[in-house]
Amino acid sequence: MGERQSDLSELMDDPGVSSEELERALRELEIINRWLGGYRTTRIGMDRLTRRLGSGQPVTVLDIGAGGTDLHAILRFSDRRFEVTALDVNPRVREFAARRGHRSDVVTGSAHALPYPDRSFDIVHASLFLHHCTDFEAIQLLQQAARIARVGVVINDLHRHAFALAGITALTALLSRSPIVRYDSRVSVRRAFTRQDLDTILGRAGIGNATLSWHWAFRWCLWFPVEGSGRDEVEMSDGMEHGMRGRIGNGNGTKGGMAGGIQGGMR
């Protein structure tokens, strides 16, 4: 499909869009994300990171560029308890979330100036937001997400591919009643990423332990742990103590580890 067109603009990013048009678009995007793999992709990344946590404590999540998404609804089948802070630059998203009965704590703010100190949340998550960034902004966002997270980061975004563009163009032409969705869905694919794009961005961000996998329909799941800080240290300390007790009592013990790296998916 050629180079990434990160300079294109989407109608949803225009603050002049009416509340009625915005709400119709958010409702349709919720349906698209549910049926075209968006929810599943987020669950995969969240599951990989929450495995690293002990049970019992709620998992705190910062959802960047949340839009109309209710992350609580996406994760409702998990055996974990989540406390979600949903951040979006558009103040009308908060009104939409309140009308829809979302359980997340919705906060108005910019993803490019995150107002949180280091290690504020267990997990930082962003779905369909990274493609709204230039490469430089994407690098900064990943670095800031890694700073804020205690456990790790999950990114769910689109794969730039000719089949993805053709498919979403046909689907929205047939089924969408929102001019925003019909236009923005095509622009989003053009602004999205190939594997090489994401490899380059991760390298420039200094993130070398990320896992990248491809999922239907044309979704990337990118996740990486934040090592040696926050709850990781607590889990490691508990694991070492348990292991030492096992060696003293039983004469043996086990030691686990994690191997990172870019793997799986399609170019």
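Within segment 35-75, being modelled with pLDDT under 90 and within 14 Å of R103 (Cα to Cα) holds for G68, T69, D70, H72, A73.
Could you please find all residues in segment 113-155 being farther than 15 Å from S6 by Cα and of a type in the set (V, I, T)? Correct list: I123, V124, I148, V151, V153, V154, I155. Taking segment 2-50 as the range and being within 26 Å of F224 (Cβ to Cβ), touching a Ser or Thr at 6+ places or on another chain (Cβ under 8 Å), of a type outside the set (G, A, S) and not in a helix (DSSP H, G or I) as the test, only R4 passes. Return a yes/no flag: does segment 121-130 have any residue that is within 21 Å of P225 (Cβ to Cβ), surrounded by 21 or more Cβ atoms within 10 Å (Cβ to Cβ), polar (S, T, N, Q) and in contact with a helix residue (DSSP H, G or I) (Cβ under 9 Å, 6 or more places away or on another chain). Yes, some residue in segment 121-130 is within 21 Å of P225 (Cβ to Cβ), surrounded by 21 or more Cβ atoms within 10 Å (Cβ to Cβ), polar (S, T, N, Q) and in contact with a helix residue (DSSP H, G or I) (Cβ under 9 Å, 6 or more places away or on another chain). Scanning segment 35-48 for residues that are touching a residue at least 40 places away in the same chain (Cβ under 8 Å) and surrounded by fewer than 23 Cβ atoms within 10 Å (Cβ to Cβ) turns up L36, G37, R40, I44, R48. Selection of segment 88-104 for residues being surrounded by 13 or more Cβ atoms within 10 Å (Cβ to Cβ) and of a type outside the set (V, I, T) yields D88, N90, R92, R94, E95, F96, A97, R100, H102, R103, S104. When F82 is tested against the conditions (1) hydrophobic (A, V, I, L, M, F, W, C); (2) within 16 Å of A149 (Cβ to Cβ); (3) in contact with an Asp or Glu (Cβ under 7 Å, 6 or more places away or on another chain), the lone failure is (3).
With the structure loaded, tell me whether L53 is surrounded by fewer than 21 Cβ atoms within 10 Å (Cβ to Cβ), closer than 16 Å to V154 by Cα, more than 13 Å from the chain's Cα centre (by Cα) and not small (G, A, S) or whether it fails that test. For L53, the condition - surrounded by fewer than 21 Cβ atoms within 10 Å (Cβ to Cβ), closer than 16 Å to V154 by Cα, more than 13 Å from the chain's Cα centre (by Cα) and not small (G, A, S) - is met.
So which residues in segment 58-87 are part of a loop (DSSP other than H, G, I, E, B), surrounded by fewer than 20 Cβ atoms within 10 Å (Cβ to Cβ) and either hydroxyl-bearing (S, T, Y) or touching a Phe, Trp or Tyr at 6+ places or on another chain (Cβ under 7 Å) (or both)?
P58, S78
Residues in segment 88-117 that are out of contact with any strand residue (DSSP E or B) (no Cβ under 8 Å at 6 or more places or on another chain) and part of a loop (DSSP other than H, G, I, E, B): G101, S110, H112, A113, P115, P117.
The values are calculated or read from the model by the stated rules, or taken from the named source; none is laboratory data. Only a predicted model underlies this, so the values are computations on that prediction, with no experimental measurement involved. Every residue, glycine as well, gets a Cβ built from its backbone with ideal geometry; the counts of neighbours run over all protein chains shown.
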